[in-house]
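The values are calculated or read from the model by the stated rules, or taken from the named source; none is laboratory data. Note that this is a predicted model, so its numbers are computed, not measured. Because the Cβ atoms are built from the backbone with ideal geometry, glycine has one as well, and the counts that use them run over all protein chains shown.
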Amino acid sequence: MTRKKEQLLSFVALIVLAILTYLAQNYLDNYKLRILNLGAIYATLGVSLNLIFGFTGQFSLGHAGFMAIGAYTTALLIMPPMYKEMTFIIEPLIWPLNVLQLPFIVALLLGGLFAAILAILIGLPVLRLKGDYLGIATLGFAEIVRVIANNIPQVTNGALGLKGIPQYTNLWWTMGFAVLTVFIVKRLISSSYGRALMAIRENEIAAEAIGVNLTYHKVMSFTISAFFAGIGGGLLASLLTTIDPRAFMFIMTFNVLIVVVIGGLGSITGTVIAAFLFNFCLEYLRPIEEGFSLGPLSIPEVPGLRMVTFSLLLLVVILFKQNGLMGEIEFTWKGFFRFLSRFKANRPMKGEGM
(Lines give C-alpha, C1' and ligand atoms only; values in the text may rest on other atoms or scores of the structure.)
Protein backbone atom coordinates (compact mmCIF):
# COMPACT_ATOMS: atom_id res chain seq x y z
CA MET A 1 0.00 0.00 0.00
CA THR A 2 1.39 3.38 -1.03
CA ARG A 3 1.82 6.28 1.36
CA LYS A 4 -0.80 8.34 -0.51
CA LYS A 5 -3.40 5.61 -0.04
CA GLU A 6 -2.63 5.42 3.68
CA GLN A 7 -2.98 9.21 3.98
CA LEU A 8 -6.29 9.10 2.11
CA LEU A 9 -7.61 6.34 4.37
CA SER A 10 -6.51 8.28 7.45
CA PHE A 11 -8.31 11.37 6.14
CA VAL A 12 -11.49 9.34 5.57
CA ALA A 13 -11.17 7.87 9.10
CA LEU A 14 -10.96 11.41 10.53
CA ILE A 15 -14.12 12.38 8.65
CA VAL A 16 -15.91 9.30 10.02
CA LEU A 17 -14.70 10.16 13.54
CA ALA A 18 -15.98 13.73 13.11
CA ILE A 19 -19.39 12.42 12.03
CA LEU A 20 -19.54 10.03 15.00
CA THR A 21 -18.49 12.83 17.33
CA TYR A 22 -21.25 15.06 15.97
CA LEU A 23 -23.86 12.33 16.42
CA ALA A 24 -22.67 11.52 19.94
CA GLN A 25 -22.50 15.17 21.01
CA ASN A 26 -26.04 15.86 19.79
CA TYR A 27 -27.92 12.63 20.51
CA LEU A 28 -26.34 10.95 23.56
CA ASP A 29 -27.40 11.82 27.10
CA ASN A 30 -25.12 13.67 29.50
CA TYR A 31 -24.11 10.51 31.38
CA LYS A 32 -22.81 8.74 28.27
CA LEU A 33 -21.18 11.94 27.04
CA ARG A 34 -19.36 12.25 30.38
CA ILE A 35 -17.93 8.72 29.98
CA LEU A 36 -16.80 9.40 26.40
CA ASN A 37 -15.24 12.72 27.40
CA LEU A 38 -13.34 11.09 30.27
CA GLY A 39 -12.21 8.33 27.92
CA ALA A 40 -10.82 10.86 25.43
CA ILE A 41 -9.11 12.87 28.20
CA TYR A 42 -7.53 9.70 29.58
CA ALA A 43 -6.39 8.84 26.04
CA THR A 44 -4.53 12.17 25.92
CA LEU A 45 -3.05 11.61 29.38
CA GLY A 46 -2.18 7.96 28.69
CA VAL A 47 -0.43 8.60 25.38
CA SER A 48 1.54 11.48 26.92
CA LEU A 49 2.64 9.29 29.86
CA ASN A 50 3.51 6.47 27.46
CA LEU A 51 5.88 8.83 25.66
CA ILE A 52 8.10 9.29 28.71
CA PHE A 53 7.54 5.88 30.31
CA GLY A 54 6.87 3.43 27.48
CA PHE A 55 9.01 4.91 24.70
CA THR A 56 11.77 6.68 26.65
CA GLY A 57 11.90 4.23 29.55
CA GLN A 58 11.81 6.90 32.29
CA PHE A 59 9.63 5.90 35.25
CA SER A 60 7.78 9.16 35.91
CA LEU A 61 5.03 9.49 38.52
CA GLY A 62 4.54 13.24 38.27
CA HIS A 63 1.63 13.38 35.84
CA ALA A 64 -0.88 14.55 38.46
CA GLY A 65 1.33 17.55 39.23
CA PHE A 66 1.40 18.69 35.61
CA MET A 67 -2.35 18.08 35.36
CA ALA A 68 -2.90 20.30 38.41
CA ILE A 69 -0.87 23.12 36.84
CA GLY A 70 -2.85 22.90 33.59
CA ALA A 71 -6.17 22.62 35.43
CA TYR A 72 -5.64 25.63 37.70
CA THR A 73 -4.16 27.76 34.93
CA THR A 74 -7.02 27.02 32.56
CA ALA A 75 -9.69 27.48 35.23
CA LEU A 76 -8.33 30.82 36.46
CA LEU A 77 -8.03 32.17 32.93
CA ILE A 78 -11.55 31.24 31.75
CA MET A 79 -13.54 32.12 34.89
CA PRO A 80 -15.39 35.45 34.67
CA PRO A 81 -14.14 38.08 37.15
CA MET A 82 -17.53 38.08 38.89
CA TYR A 83 -17.26 34.32 39.61
CA LYS A 84 -13.72 34.78 40.90
CA GLU A 85 -14.87 37.46 43.32
CA MET A 86 -17.59 35.16 44.69
CA THR A 87 -15.28 32.13 44.87
CA PHE A 88 -12.31 33.70 46.66
CA ILE A 89 -13.89 34.43 50.03
CA ILE A 90 -10.89 33.78 52.33
CA GLU A 91 -8.39 35.93 50.47
CA PRO A 92 -8.94 37.89 47.24
CA LEU A 93 -7.38 36.62 44.04
CA ILE A 94 -4.15 38.36 43.10
CA TRP A 95 -3.88 40.79 40.19
CA PRO A 96 -4.03 40.40 37.18
CA LEU A 97 -5.78 37.01 37.53
CA ASN A 98 -8.73 38.68 39.25
CA VAL A 99 -9.60 40.71 36.13
CA LEU A 100 -8.27 38.45 33.38
CA GLN A 101 -10.51 36.27 31.21
CA LEU A 102 -9.23 34.56 28.06
CA PRO A 103 -10.75 32.32 25.37
CA PHE A 104 -10.82 28.61 26.23
CA ILE A 105 -8.28 27.50 23.62
CA VAL A 106 -5.79 30.18 24.70
CA ALA A 107 -6.19 29.22 28.36
CA LEU A 108 -5.73 25.53 27.52
CA LEU A 109 -2.54 26.14 25.57
CA LEU A 110 -1.16 28.39 28.31
CA GLY A 111 -1.92 25.67 30.86
CA GLY A 112 0.03 23.18 28.77
CA LEU A 113 2.81 25.70 28.22
CA PHE A 114 3.24 26.43 31.94
CA ALA A 115 3.34 22.69 32.66
CA ALA A 116 5.98 22.25 29.93
CA ILE A 117 8.14 25.10 31.29
CA LEU A 118 8.03 23.59 34.77
CA ALA A 119 8.89 20.19 33.26
CA ILE A 120 12.08 21.68 31.80
CA LEU A 121 13.05 23.18 35.17
CA ILE A 122 12.29 19.94 37.01
CA GLY A 123 13.58 17.60 34.32
CA LEU A 124 17.10 18.98 34.04
CA PRO A 125 18.13 17.85 37.55
CA VAL A 126 15.63 15.02 38.13
CA LEU A 127 16.11 13.07 34.89
CA ARG A 128 19.68 12.31 35.89
CA LEU A 129 18.14 9.74 38.23
CA LYS A 130 17.06 6.30 37.06
CA GLY A 131 14.40 3.72 37.82
CA ASP A 132 12.72 3.83 41.23
CA TYR A 133 14.71 6.92 42.27
CA LEU A 134 13.28 8.87 39.34
CA GLY A 135 9.77 7.64 40.18
CA ILE A 136 10.13 8.78 43.80
CA ALA A 137 11.50 12.17 42.75
CA THR A 138 8.69 12.86 40.27
CA LEU A 139 6.10 11.63 42.77
CA GLY A 140 7.57 14.07 45.28
CA PHE A 141 7.24 16.86 42.70
CA ALA A 142 3.54 16.07 42.20
CA GLU A 143 2.97 16.13 45.96
CA ILE A 144 4.81 19.46 46.24
CA VAL A 145 2.50 20.96 43.60
CA ARG A 146 -0.57 19.67 45.46
CA VAL A 147 0.64 20.97 48.84
CA ILE A 148 1.50 24.38 47.37
CA ALA A 149 -1.96 24.55 45.76
CA ASN A 150 -3.42 23.79 49.16
CA ASN A 151 -1.52 26.63 50.83
CA ILE A 152 -1.76 29.62 48.50
CA PRO A 153 -5.42 30.68 48.83
CA GLN A 154 -4.73 33.98 47.07
CA VAL A 155 -4.10 32.00 43.85
CA THR A 156 -5.80 28.60 44.13
CA ASN A 157 -8.37 29.34 46.88
CA GLY A 158 -6.61 26.74 49.01
CA ALA A 159 -8.48 23.63 50.13
CA LEU A 160 -11.81 25.14 49.05
CA GLY A 161 -10.77 24.85 45.42
CA LEU A 162 -12.37 26.54 42.43
CA LYS A 163 -16.08 26.33 41.69
CA GLY A 164 -18.18 27.72 38.90
CA ILE A 165 -15.61 26.95 36.18
CA PRO A 166 -17.29 27.45 32.77
CA GLN A 167 -18.04 24.11 31.09
CA TYR A 168 -16.48 24.60 27.68
CA THR A 169 -15.19 21.04 27.42
CA ASN A 170 -17.24 18.86 25.10
CA LEU A 171 -16.62 15.88 22.84
CA TRP A 172 -15.17 18.07 20.09
CA TRP A 173 -12.47 19.41 22.39
CA THR A 174 -11.60 16.11 24.08
CA MET A 175 -11.59 14.03 20.89
CA GLY A 176 -9.75 16.76 19.02
CA PHE A 177 -6.91 16.94 21.51
CA ALA A 178 -6.79 13.13 21.80
CA VAL A 179 -6.30 12.91 18.02
CA LEU A 180 -3.73 15.74 18.11
CA THR A 181 -1.79 14.01 20.91
CA VAL A 182 -1.75 10.69 19.04
CA PHE A 183 -0.69 12.41 15.82
CA ILE A 184 2.20 14.37 17.38
CA VAL A 185 3.50 11.48 19.49
CA LYS A 186 3.22 9.08 16.54
CA ARG A 187 5.14 11.45 14.26
CA LEU A 188 7.75 11.98 16.96
CA ILE A 189 8.24 8.25 17.52
CA SER A 190 8.53 7.63 13.77
CA SER A 191 11.29 10.23 13.43
CA SER A 192 14.98 10.10 14.30
CA TYR A 193 14.09 11.60 17.70
CA GLY A 194 11.83 8.63 18.38
CA ARG A 195 14.58 6.17 17.51
CA ALA A 196 16.87 8.03 19.92
CA LEU A 197 14.24 7.83 22.67
CA MET A 198 13.81 4.09 22.18
CA ALA A 199 17.58 3.65 22.16
CA ILE A 200 17.69 5.37 25.56
CA ARG A 201 14.96 3.01 26.77
CA GLU A 202 16.87 -0.08 25.70
CA ASN A 203 20.35 0.91 26.89
CA GLU A 204 21.43 4.39 27.93
CA ILE A 205 25.14 3.60 27.81
CA ALA A 206 24.93 2.23 24.28
CA ALA A 207 22.75 5.15 23.18
CA GLU A 208 25.25 7.66 24.51
CA ALA A 209 28.08 5.74 22.86
CA ILE A 210 26.50 6.18 19.42
CA GLY A 211 26.07 9.93 19.93
CA VAL A 212 22.62 10.33 21.50
CA ASN A 213 22.43 13.34 23.82
CA LEU A 214 20.75 11.75 26.83
CA THR A 215 19.85 14.93 28.70
CA TYR A 216 18.43 16.70 25.65
CA HIS A 217 16.23 13.79 24.54
CA LYS A 218 15.02 12.92 28.03
CA VAL A 219 14.05 16.52 28.79
CA MET A 220 12.38 16.87 25.38
CA SER A 221 10.27 13.76 25.99
CA PHE A 222 9.47 14.87 29.54
CA THR A 223 8.46 18.34 28.36
CA ILE A 224 6.14 17.13 25.58
CA SER A 225 4.58 14.64 27.99
CA ALA A 226 4.01 17.42 30.56
CA PHE A 227 2.50 19.74 27.93
CA PHE A 228 -0.24 17.28 27.05
CA ALA A 229 -0.73 16.41 30.73
CA GLY A 230 -1.41 20.10 31.32
CA ILE A 231 -3.86 20.13 28.41
CA GLY A 232 -5.61 17.08 29.87
CA GLY A 233 -5.83 18.76 33.26
CA GLY A 234 -7.38 21.86 31.70
CA LEU A 235 -9.95 19.81 29.80
CA LEU A 236 -10.81 17.91 32.99
CA ALA A 237 -11.24 21.11 35.00
CA SER A 238 -13.66 22.57 32.46
CA LEU A 239 -15.54 19.27 32.23
CA LEU A 240 -16.04 18.87 35.99
CA THR A 241 -16.53 22.65 36.57
CA THR A 242 -14.91 22.32 40.02
CA ILE A 243 -11.42 21.38 41.19
CA ASP A 244 -9.49 21.27 44.43
CA PRO A 245 -6.03 19.95 45.46
CA ARG A 246 -7.49 16.56 46.46
CA ALA A 247 -8.39 15.90 42.83
CA PHE A 248 -4.69 15.62 41.97
CA MET A 249 -3.48 13.13 44.53
CA PHE A 250 -1.34 10.13 43.55
CA ILE A 251 -4.43 8.12 42.64
CA MET A 252 -4.80 10.33 39.53
CA THR A 253 -1.32 9.38 38.27
CA PHE A 254 -2.03 5.77 39.25
CA ASN A 255 -5.18 5.70 37.09
CA VAL A 256 -3.26 7.00 34.07
CA LEU A 257 -0.50 4.48 34.76
CA ILE A 258 -3.11 1.68 34.77
CA VAL A 259 -4.25 2.80 31.32
CA VAL A 260 -0.67 2.68 30.00
CA VAL A 261 0.05 -0.75 31.52
CA ILE A 262 -3.22 -2.27 30.29
CA GLY A 263 -2.74 -0.88 26.80
CA GLY A 264 0.91 -1.86 26.62
CA LEU A 265 4.13 0.05 27.21
CA GLY A 266 5.18 1.54 23.90
CA SER A 267 1.78 1.06 22.24
CA ILE A 268 -0.19 4.18 21.30
CA THR A 269 -3.06 2.11 19.91
CA GLY A 270 -3.29 0.00 23.05
CA THR A 271 -3.25 3.08 25.28
CA VAL A 272 -6.16 4.69 23.43
CA ILE A 273 -8.21 1.47 23.60
CA ALA A 274 -7.39 1.01 27.29
CA ALA A 275 -8.35 4.62 28.11
CA PHE A 276 -11.93 4.07 26.95
CA LEU A 277 -12.16 0.55 28.40
CA PHE A 278 -10.95 1.83 31.77
CA ASN A 279 -13.68 4.47 32.03
CA PHE A 280 -16.39 2.20 30.63
CA CYS A 281 -15.57 -0.53 33.16
CA LEU A 282 -15.47 1.88 36.10
CA GLU A 283 -18.91 3.25 35.23
CA TYR A 284 -20.74 0.13 34.08
CA LEU A 285 -19.56 -1.89 37.09
CA ARG A 286 -21.41 0.47 39.43
CA PRO A 287 -24.66 -1.62 39.54
CA ILE A 288 -22.89 -4.57 41.19
CA GLU A 289 -22.44 -2.47 44.35
CA GLU A 290 -26.24 -2.37 44.70
CA GLY A 291 -26.47 -6.14 45.01
CA PHE A 292 -27.39 -8.75 42.39
CA SER A 293 -28.38 -12.39 41.97
CA LEU A 294 -26.61 -15.26 40.21
CA GLY A 295 -29.21 -18.03 40.05
CA PRO A 296 -29.84 -19.19 43.62
CA LEU A 297 -26.94 -17.09 44.92
CA SER A 298 -27.85 -13.60 46.11
CA ILE A 299 -25.09 -11.02 46.57
CA PRO A 300 -26.03 -8.26 49.03
CA GLU A 301 -25.14 -4.60 48.66
CA VAL A 302 -21.39 -4.24 49.19
CA PRO A 303 -19.83 -0.76 49.00
CA GLY A 304 -16.55 -0.86 47.10
CA LEU A 305 -17.32 -4.14 45.30
CA ARG A 306 -16.99 -2.31 41.99
CA MET A 307 -13.33 -1.50 42.62
CA VAL A 308 -12.65 -5.03 43.87
CA THR A 309 -14.14 -6.46 40.66
CA PHE A 310 -12.22 -4.00 38.53
CA SER A 311 -8.99 -4.91 40.33
CA LEU A 312 -9.61 -8.61 39.67
CA LEU A 313 -10.21 -7.89 35.97
CA LEU A 314 -6.98 -5.87 35.89
CA LEU A 315 -5.13 -8.76 37.56
CA VAL A 316 -6.43 -11.18 34.92
CA VAL A 317 -5.26 -8.89 32.12
CA ILE A 318 -1.79 -8.54 33.63
CA LEU A 319 -1.48 -12.30 34.23
CA PHE A 320 -2.48 -13.35 30.72
CA LYS A 321 -1.34 -10.30 28.76
CA GLN A 322 1.85 -9.21 30.48
CA ASN A 323 2.74 -6.86 27.64
CA GLY A 324 -0.72 -5.26 27.69
CA LEU A 325 -3.62 -5.62 25.31
CA MET A 326 -1.56 -4.66 22.27
CA GLY A 327 2.02 -5.14 23.47
CA GLU A 328 4.05 -2.93 21.13
CA ILE A 329 1.69 -3.51 18.19
CA GLU A 330 0.41 -0.38 16.48
CA PHE A 331 -2.54 0.04 14.16
CA THR A 332 -1.58 0.42 10.50
CA TRP A 333 -3.77 0.30 7.44
CA LYS A 334 -1.53 -2.36 5.93
CA GLY A 335 -1.92 -4.54 9.02
CA PHE A 336 -5.66 -3.87 9.11
CA PHE A 337 -6.22 -5.08 5.54
CA ARG A 338 -3.89 -8.02 6.11
CA PHE A 339 -6.07 -9.01 9.09
CA LEU A 340 -9.22 -8.69 6.96
CA SER A 341 -7.69 -10.88 4.23
CA ARG A 342 -6.85 -13.57 6.79
CA PHE A 343 -10.36 -13.36 8.20
CA LYS A 344 -11.89 -13.80 4.76
CA ALA A 345 -9.51 -16.66 3.98
CA ASN A 346 -10.61 -18.52 7.11
CA ARG A 347 -14.34 -18.13 6.40
CA PRO A 348 -15.94 -21.30 5.01
CA MET A 349 -17.16 -21.08 1.43
CA LYS A 350 -20.86 -21.33 0.75
CA GLY A 351 -21.89 -24.97 0.85
CA GLU A 352 -18.54 -26.09 2.33
CA GLY A 353 -18.84 -28.77 5.01
CA MET A 354 -22.44 -29.65 4.09
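Filtering Ser238, Ser221, Ser267 for residues that are crowded, with 20+ Cβ neighbours inside 10 Å and in contact with an Asp or Glu (Cβ under 7 Å, 6 or more places away or on another chain) leaves a single hit, Ser267. Residue pairs whose Cβ atoms lie under 6 Å apart, separated by 6 or more positions or on different chains, with the first residue in segment 185-204 and free of Cβ contacts under 8 Å to residues at least 40 places away in the same chain and over 16 Å from Thr223 (Cα atoms) and the second among the small types (Gly, Ala, Ser) and surrounded by 17 or more Cβ atoms within 10 Å (Cβ to Cβ), are Ala199/Ala207.
Return yes or no: is Gly112 surrounded by 19 or more Cβ atoms within 10 Å (Cβ to Cβ) and not polar (S, T, N, Q)? So Gly112 fits the description; yes. Evaluation of Ile105 against the conditions (1) out of contact with any helix residue (DSSP H, G or I) (no Cβ under 8 Å at 6 or more places or on another chain); (2) modelled with pLDDT under 95; (3) surrounded by fewer than 17 Cβ atoms within 10 Å (Cβ to Cβ) shows that the sole unmet condition is (2). So which residues in segment 34-58 are aromatic (Phe, Trp, Tyr) and in contact with a Lys or Arg (Cβ under 8 Å, 6 or more places away or on another chain), if there are any at all? Passing the criteria: only Phe55. Evaluation of Val179 against the conditions (1) of a type in the set (A, V, I, L, M, F, W, C); (2) surrounded by fewer than 16 Cβ atoms within 10 Å (Cβ to Cβ); (3) in contact (Cβ under 8 Å) with a residue 40 or more places away in the chain shows that the sole unmet condition is (2). In the set Leu93, Leu38, only one residue is under 22 Å from Leu109 (Cβ atoms) and assigned to a loop (DSSP other than H, G, I, E, B); that residue is Leu93. None of Ile69, Ile89 is within 18 Å of Thr156 (Cβ to Cβ) and touching a Phe, Trp or Tyr at 6+ places or on another chain (Cβ under 6 Å) except Ile69.
Within segment 1-35, restricting attention to residues that are among the polar types (S, T, N, Q) and in a helix (DSSP H, G or I), the residue that is surrounded by the fewest Cβ atoms within 10 Å (Cβ to Cβ) is Asn30. Looking for something assigned to a strand (DSSP E or B) and at pLDDT below 95 - is there at least one such residue anywhere in segment 193-212? No, segment 193-212 contains no residue that is assigned to a strand (DSSP E or B) and at pLDDT below 95. Report, by residue number, each residue of segment 241-253 that is more than 11 Å from the chain's Cα centre (by Cα), of a type outside the set (D, E, K, R) and either in a loop (DSSP other than H, G, I, E, B) or within 21 Å of Phe141 (Cβ to Cβ) (or both). Passing the criteria: Thr241, Ile243, Pro245, Ala247, Phe248, Met249, Phe250, Ile251. Before we move on, is Phe343 out of contact with any Cys (no Cβ under 9 Å at 6 or more places or on another chain), modelled with pLDDT under 70 and surrounded by fewer than 10 Cβ atoms within 10 Å (Cβ to Cβ)? Criteria met by Phe343.
Answer yes if at least one residue in segment 157-169 is among the hydrophobic types (A, V, I, L, M, F, W, C), surrounded by fewer than 19 Cβ atoms within 10 Å (Cβ to Cβ) and more than 22 Å from the chain's Cα centre (by Cα), and no otherwise. Yes - at least one qualifying residue is present in segment 157-169. Of all the numbered requirements in (1) touching a residue at least 24 places away in the same chain (Cβ under 8 Å); (2) surrounded by fewer than 21 Cβ atoms within 10 Å (Cβ to Cβ); (3) hydroxyl-bearing (Ser, Thr, Tyr), Tyr133 misses one, and that requirement is (1).
Return only the number of the condition from (1) surrounded by fewer than 17 Cβ atoms within 10 Å (Cβ to Cβ); (2) assigned to a helix (DSSP H, G or I); (3) free of Cβ contacts under 8 Å to residues at least 60 places away in the same chain; (4) touching a helix residue (DSSP H, G or I) at 6+ places or on another chain (Cβ under 9 Å) that Pro303 does not satisfy. Failed condition: (2). Just one residue in the set Leu282, Leu257, Leu265, Leu325 is within 26 Å of Ala142 (Cβ to Cβ), part of a loop (DSSP other than H, G, I, E, B), modelled with pLDDT of 70 or more and aliphatic (A, V, I, L, M); that residue is Leu265.
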